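Please read the structure below before turning to the comments.
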Amino acid sequence: MGREKELRRTKCFWFGYKGHLAVGTSSQYILQALFSSGSLNDGKAMTIPLLKGIQERLHLPLRYQTMDAGYDYEPIYEQVHRMGQQSVIAYNKRNEGEIIGYDKHFAPTCFREHSYRYDSFDPKYETLKYTRPKECADCPLANEGICQKVYKVKITSDLRRYTAPARGSQAWKNIFKRRTAVERVNAYLKEFFQLNNVRYRTGKRAKIHFDMVTLIYNASKLAADRINVQLNQQQVA
């Protein structure tokens with residue numbers, strides 16, 4: 001009897017489904033959606049199929065793919081780079097030690113361990129440019145040629161550590177903040193479209209429910225956006 005309860009409990013643990021969404025941060029439309037077993041890892045199993053689906057089915061001028069630290073895997077960076085876009089993904093150290101000569105955002109540091117400042121990105125050569133720290137203005141070592149004035153790093157040398165804009169820069173932080181759009185869409189689907197109350201035991205029926213919810217959400221969003229455009233035009237007129 002004890003063993004039967006244990007097996008039943010194990011089966012219940014793996015029971016469930018999960019929806020995976022790629023959301024436009026500005027429009028908050030669902031660009032791509034996939035449905036899977038609840039046991040699959042989002043970052044390892046479903047992210048690359050989502051990205052490939054966007055590339056194959058949509059022709060949008062996307063520049064960045066923004067994700068939290070749960071998606072910090074090299075294959076994801078490589079896929080985003082193949083798509084001609086930039087990864088803005090939170091870094092997960094995973095017990096990695098510090099690198100001598102670089103700060104926590106992988107910017108080079110001077111002899112006195114001041115961080116070089118991110119200046120710009122050259123898309124032609126895929127190179128980040130860092131300039132001398134402001135603390136080095138009066139440093140005697142700077143005049144002796146010990147510290148470089150400019151550092152240039154190709155992002156392809158390590159796609160996980162080097163992104164455009166550079167990690168730690170204000171531009172990177174501003175883009176990363178937009179990631180909350182997917183959280184808002186998830187909340188809408190759960191609260192207003194009852195996606196959190198799916199109780200089907202067959203995956204086929206659950207998937208149909210999920211597909212219908214995402215379709216209705218996008219259609220509702222499109223209708224609301226068009227109504228707002230019309231109202232704005234009437235006010236201007």
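When the stretch 213-237 is examined, which residues are found to be surrounded by 12 or more Cβ atoms within 10 Å (Cβ to Cβ) and either within 13 Å of TYR188 (Cα to Cα) or not acidic (Asp, Glu) (or both)?
Result: VAL213, THR214, LEU215, ILE216, TYR217, ASN218, SER220, LYS221, LEU222.
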* Quick one: is ALA181 in contact with a strand residue (DSSP E or B) (Cβ under 8 Å, 6 or more places away or on another chain) and among the aliphatic types (A, V, I, L, M)? -> yes
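Filtering the stretch 55-90 down to residues that are farther than 22 Å from PRO123 by Cα and surrounded by 15 or more Cβ atoms within 10 Å (Cβ to Cβ), which residue is nearest to the chain's Cα centre (by Cα)? Full working, then the answer.
Residues of the stretch 55-90 farther than 22 Å from PRO123 by Cα: 56-58, 68-73.
Now narrow it down to the ones that are surrounded by 15 or more Cβ atoms within 10 Å (Cβ to Cβ): 68, 71-73.
Working: ASP68: 6, TYR71: 7, ASP72: 9, TYR73: 11 Å.
Among them, the one singled out is ASP68.
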Considering the stretch 200-209, residues that are of a type in the set (D, E, K, R) and surrounded by fewer than 12 Cβ atoms within 10 Å (Cβ to Cβ), and then whichever is farthest from the chain's Cα centre (by Cα), we arrive at ARG201
Yes or no: the stretch 182-199 includes at least one residue that is among the polar types (S, T, N, Q), crowded, with 17+ Cβ neighbours inside 10 Å, under 23 Å from GLY70 (Cβ atoms) and over 14 Å from the mean Cα position of the chain (by Cα).
no
Taking the stretch 107-128 and the residues there that are out of contact with any Lys or Arg (no Cβ under 9 Å at 6 or more places or on another chain), at pLDDT 90 or above and assigned to a loop (DSSP other than H, G, I, E, B), the one that is surrounded by the most Cβ atoms within 10 Å (Cβ to Cβ) would be PRO123
Selection over the stretch 24-54 where residues are exposed (fewer than 15 other Cβ atoms within 10 Å of the Cβ) and closer than 21 Å to TRP172 by Cβ yields a count of 1
The condition of being in contact with a Pro (Cβ under 7 Å, 6 or more places away or on another chain) and hydrophobic (A, V, I, L, M, F, W, C) holds, among PHE121, PHE106, PHE193, PHE210, only for PHE121
When restricted to LYS104, LYS52, the only residue in a loop (DSSP other than H, G, I, E, B) and not aliphatic (A, V, I, L, M) is LYS104
Picking from TYR162, TYR151, the residue that is in the same structural domain as PRO133 (by TED's automatic domain parsing), outside any helix (DSSP H, G or I) and in contact (Cβ under 8 Å) with a residue 12 or more places away in the chain would be TYR151
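The values are calculated or read from the model by the stated rules, or taken from the named source; none is laboratory data. Everything numeric in this text was worked out from a predicted model, so none of it was measured. Cβ: placed from backbone, ideal geometry, glycine included. Neighbour counts: every protein chain shown.
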